[in-house]
1. Can you put T50, T23 in order, fewest other beta carbons within 10 Å first?
2. Rounded, prolate or oblate: which one fits the range 2-61, using the alpha carbon gyration tensor with axes a ≥ b ≥ c (rounded when a/c is under 1.5, else prolate when a/b beats b/c, else oblate)?
3. Identify the trypsin sites (Lys or Arg not before Pro) of the range 22-117 meeting these criteria: DSSP loop state and at most 12 other C-beta atoms within 10 Å of the C-beta.
4. Could you tell me the relative contact order of the chain? Use alpha-carbon pairs under 8 Å, at least six residues apart, and round to a whole percent.
5. If Lys and Arg each add +1 and Asp and Glu each add -1, what is the summed charge of the other residues whose beta carbon sits under 11 Å from the beta carbon of I77?
6. Hey, can you grab everything whose amide H is under 5 Å from the amide H of N34? Only 5+ residues off in sequence or another chain; H modelled, so Pro and N-termini drop out.
7. When the dipole is taken about the Cα centre of the range 1-120, and only Lys, Arg (+1) and Asp, Glu (-1) are charged at their Cβ, what size is it in debye, to the nearest 20?
8. Please compute the contact order of the range 59-116 in relative form: average sequence separation of alpha-carbon pairs under 8 Å and at least six residues apart, divided by the residue count, as a percent.
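Bear in mind that the values in this text are calculations on the coordinates, not laboratory data. Every value quoted in this text rests on a predicted model; they were computed, and no experiment measured them. With ideal geometry, Cβ positions are generated from the backbone for all residues, glycine too; neighbour counts draw on all protein chains shown.
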Amino acid sequence: MGYFELSKKTGFRTTDKEIRIFTNDGKECYFVNNLKPYHDFNLPAGKYYTENRILKLGQPVFFDVPPTPKPNRRVMIPNGRLNIMYRNNPHKASINCAKGILILDFKIKELPKFKQDFIFFHELGHQYYGGYNAQLQKKEYMQAEINCDTYAAINMIVKGYNPSQSFISVRDCLSLPERIEASEKFNLKIKKK
Ligand SMILES: [Zn+2]
C-alpha cells in the first residue's frame with residue numbers, strides 16, 4: 001500500500017495476519033495480530049504508511065460505545081480555548097481548566113500521535129471529572145482518573161481510532177494497575193458492528 005493520506009476518519013478491511021500501520025513520521029499507529037479471516041479497523045484523518053494490503057470500506061467501522069461517565073463537576077475551559085505549553089513536567093501532563101492551560105512534558109512530543117491524542121482527551125476529561133486535590137481520598141482520585149481514561153477512549157473512537165489504541169495508551173503512558181484494569185474492562189464493553 002505504501003504512503004497514503006486520509007482527509008477524514010476511514011474504515012478499512014484486510015486479510016493480512018499481521019497489521020502494522022505507521023504515521024508518516026515512521027511512528028507506530030496501529031499494530032494488530034489478526035487471527036480471523038479478515039479484520040476491519042478505522043484510521044483518523046492523517047498521513048500514514050503501511051506494507052499491508054488494506055481496502056477502504058464504504059464507511060467507517062461502527063463501534064457501539066457506552067456513554068461517557070456522568071460528570072461530577074464542571075470547570076469548563078474558558079471559551080473552549082486551551083493554551084498548550086511544553087515544559088519539563090514530572091506529572092507528564094497537567095491541566096488547569098479554569099485558566100485553560102495544559103502543560104505537557106517535552107517527552108510527550110516524541111510519543112506516537114495516537115498516544116498524544118489519548119493524553120489530550122484524558123486531560124480534557126478533567127473538566128468533567130475533577131482530578132487530584134488534597135481533600136480527595138486515593139480511591140476518589142483514582143476514579144476521577146479512570147473516568148478521564150474512559151472519556152478519552154470514547155473520544156478517540158469518535159475521532160477514528162480503535163479501542164485497542166486507547167488501552168495501549170493507558171498501559172504504556174501510565175502503568176498504574178488500577179487504571180490498566182479499568183481500561184481493559186471498558187474496552188471489552190465496546191462492540192464492533
Ligand atoms: Zn488525569
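1. Result, fewest neighbours first: T23, T50.
2. oblate
3. When the trypsin sites (Lys or Arg not before Pro) of the range 22-117 are filtered for loop state and at most 12 Cβ neighbours within 10 Å, R53, R73, R74, R81, K99 remain.
4. Relative contact order for the chain comes out at 21 percent.
5. +2
6. E18, I19
7. With only Lys, Arg, Asp and Glu charged at Cβ, the dipole is about 480 debye.
8. 28
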